[in-house]
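Contents: one structure, followed by commentary.
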Amino acid sequence: MCAICGCSEGAETRFTDSAGNTHAHPHNDGDTLSHGHTHDHHHGEGHMHSHEHPHEHHHGEELAHQHRASVATLHEPQHDNLLRIEQDVLARNNRMAERNRGWLEGRGVLALNLLSSPGAGKTTLLEKTIRALHTEIEMCVVEGDQETTLDAERIRAAGCPSVQVNTGTGCHLDAPMLAHALHSLDPPRGSLLLIENVGNLVCPALFDLGEAAKIVILSVTEGDDKPLKYPHMFRAAQLMLVNKTDLLAHVDFDVQACLDHARRVNPEIELLRLSARSGAGLEDWYAWLRARVAAAGLRAGVDRELHTSSSSVPPRRSA
Ligand code: MG
């Protein structure tokens, strides 16, 4: 995660709203949650130097223990400090995520966090989903990318309000970023909020944003072994979408093996296969969304009674 790779050091987060207005927040100002560090490190036989130290990192008691086992003999004092800092970072994030969750539930807004590697097809899937369902389900989108507002522009062109969050060198969205985006986006009561996280199969898995569920998208060009290589992501996700199935004839990707791998790390994970490009399988995805929206509408009972008589469509904000 960023505490190790230092991806957010000195960065600032930029927010661009639906009207194209942009403002920036420094990323290490106490309201944000990423930082970097430098430490001494041993290499080979007695060789030692100090450098930035990028690698995948683990969190939580079990995971922290794994990391401790791998490095404790090398630099115990620094490692104790590092663990404490990381626990603080994630604890602060989790507190804000709970605030986001309460706010979203209070409004009857269903928030889904879409995660994948870069290029797996998140934005294309969102465009298709918006065009297919926007007359049926009120939707908003938070777009996360390191740079550019390209994806937010695509989402707006598809007919949906969106806020772009540019994380600079940061490799994930965190809960304060979502809080800020929500303030700008102001999603209507009973709407569906789709969050496209920064393309990355590692860090975004660790940061709860306050969403109702994480959805991981894996394209067939990436390889069916990814659930084993990036288990935290697939463990955190409720649903895995296998995308770009129109390319299956051209790549060595075993869908069943992929599912087996995903179930090995997360026995409860659901699987849908689709091609956002060709449209194959999209009806199953839409059905999954409709079911989640209906369930969220039921949870927001007061709003539903006040604003709609339908049992399958979530409440809408009153005029
Ligand atoms: Mg995208």
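No value in this document is a laboratory result; all are computed from the given coordinates. Being a predicted model, the structure only gives us computed values, none of them experimental. Reconstructed Cβ throughout: ideal geometry from the backbone, glycine too, with neighbour counts over all protein chains shown.
Taking a sphere under 12 Å around the Cβ of residue 269 and counting the other residues whose Cβ falls inside, with K and R at +1 and D and E at -1, yields a net charge of +1. Taking Cβ atoms as reference points and 12 Å as the exclusive limit, the residues near residue 216 contribute a net charge of +2, counting Lys and Arg as +1 and Asp and Glu as -1. Among beta bridges identified by DSSP and lying wholly in region 58-299, the antiparallel ones come to about 0 percent. Classify region 58-299 as rounded, prolate or oblate from the Cα gyration tensor: take a ≥ b ≥ c as the square roots of its eigenvalues, call it rounded if a/c is under 1.5, otherwise prolate when a/b beats b/c and oblate if not. It is oblate, given that a/c is not under 1.5 and a/b is not larger than b/c. Other residues whose C-beta falls under 14 angstrom from the C-beta of residue 259 contribute a net charge of -2, scoring Lys and Arg +1 and Asp and Glu -1.
Do any GluC sites (Glu not before Pro) in region 97-190 lie in a loop, going by DSSP, with at most 16 other beta-carbon atoms within 10 Å of their beta carbon, and if so which? All intermediate terms of the calculation are to be shown ahead of the outcome.
Values: sites: 98, 105, 127, 136, 138, 143, 147, 153; in loops: 136, 138, 147.
Those satisfying the criteria are 136, 147.
Towards the positive end of the charge dipole of region 58-299, with charges on Cβ (+1 Lys, Arg; -1 Asp, Glu), say which of 289, 166, 253 has the farthest Cα. The Cα lying farthest towards the positive end belongs to 289.
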